[in-house]
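Report on the structure given below.
The values are calculated or read from the model by the stated rules, or taken from the named source; none is laboratory data. Small disclaimer: the values here were computed from a predicted structure and weren't measured. Here the Cβ positions follow ideal geometry from the backbone for every residue, glycine too, while neighbour counts run over all protein chains shown.
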């Protein structure tokens, strides 16, 4: 499939990450000496997918493709190392990607959908999660799905859209492509970007915090803190 290529120059795309990931590990309060902390780090290294990827790589991502000397590099690497079973719209469970949006409202719509789906699966809409904005800049050519009707990869049903999107992403990566621009599936007027290579994620910095609260209903209250 031949897609148009758009040259991107976006200094402040936004990705939302759970704020808990920005805090020290919960177990760190239990250690009292440097030796104990080293033991904790060793324990984490055998279970943390990012640390494993930084040491040994992944099935479809080499260790040398990851970032090792840049602010927020752990968040960049984590987005490629931590994957959901079955993957996401444009990545398989063998290789992650950096998803972001041009507007914070679009990022909020996307994370709201995914967390609501998880709460639906357990049958309980009681939850509070804080998300922190991570801004990042992108420069370069990206394949562009905007304005192209009837794309299976943009089907709102994950069981339909995800396999098609993962096949498209694999083809673009095989061609040496950077990633995709695409219309948000969860917010009609929104624009999303997915980057397939860690080095493309530039100038990451932290923004505001948003709180999403489900209080018995499938639609959360959303507040900027």
The one condition in (1) surrounded by 15 or more Cβ atoms within 10 Å (Cβ to Cβ); (2) closer than 26 Å to residue 12 by Cβ; (3) in contact with a helix residue (DSSP H, G or I) (Cβ under 9 Å, 6 or more places away or on another chain) that residue 125 fails to fulfil: (2)
Consider residue 171 carefully, then state whether it is surrounded by fewer than 17 Cβ atoms within 10 Å (Cβ to Cβ), in a helix (DSSP H, G or I), touching a residue at least 12 places away in the same chain (Cβ under 8 Å) and more than 19 Å from the chain's Cα centre (by Cα). yes
Report yes if some residue within segment 196-218 is at negative phi, loosely packed, with under 15 Cβ neighbours inside 10 Å, part of a loop (DSSP other than H, G, I, E, B) and touching a residue at least 40 places away in the same chain (Cβ under 8 Å); otherwise report no. yes
Out of all the residues in segment 129-147, which are more than 17 Å from residue 14 (Cβ to Cβ), at pLDDT 95 or above and either out of contact with any helix residue (DSSP H, G or I) (no Cβ under 9 Å at 6 or more places or on another chain) or not in a strand (DSSP E or B) (or both)? 141, 144, 145, 146
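Yes/no per residue for (1) over 13 Å from the mean Cα position of the chain (by Cα); (2) in contact (Cβ under 8 Å) with a residue 24 or more places away in the chain:
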| residue | (1), (2) |
| --- | --- |
| 80 | no, yes |
| 88 | no, yes |
| 93 | no, no |
| 114 | no, no |
| 145 | yes, yes |
| 148 | yes, yes |
| 154 | yes, yes |
| 161 | yes, yes |
Tell me yes or no: at least one residue of segment 59-79 is surrounded by fewer than 15 Cβ atoms within 10 Å (Cβ to Cβ), in contact with a strand residue (DSSP E or B) (Cβ under 8 Å, 6 or more places away or on another chain) and on the phi < 0 side of the Ramachandran plot. yes
